[in-house]
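Values in this text are rule-based calculations from the coordinates and carry no lab data. Everything numeric here is computed off the predicted structure, so don't read it as measured data. Cβ: placed from backbone, ideal geometry, glycine included. Neighbour counts: every protein chain shown.
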């Protein structure tokens, strides 16, 4: 199999112009990545993100649960997905937490306001 790949076209062989690797920042040796992925790095508008400071509950034990702890019916009515962060994940990590968010977060906002004087200091970017 190795000999046939060295001699010519083979499913085990990748032929790529090395200039294509320079299209990806820091030029990783990702020869198997197709043109569809490399084009993303050529168009900076595709990779634009809005970074927002999210929400601090000030009492995670009260307001946060693991997704599996809440019944599906309750999740639709009361709980919303909550991306808290944590250990670095280079590719993908499921959002495994939910936050109690009844009546547009009234209970949480009232609690935070009583603690720090203003809910907007800890509960930000709610549209996201």
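Before moving on, here are some points about what is shown:
- A simple spin-label model places the labels of residue 52 and residue 66 2.8 nm from each other, with each point 7 Å out along Cα-to-Cβ.
- Sorted largest first, the principal axis extents computed over the alpha-carbon atoms of region 60-121 equal 38, 30, 18 Å.
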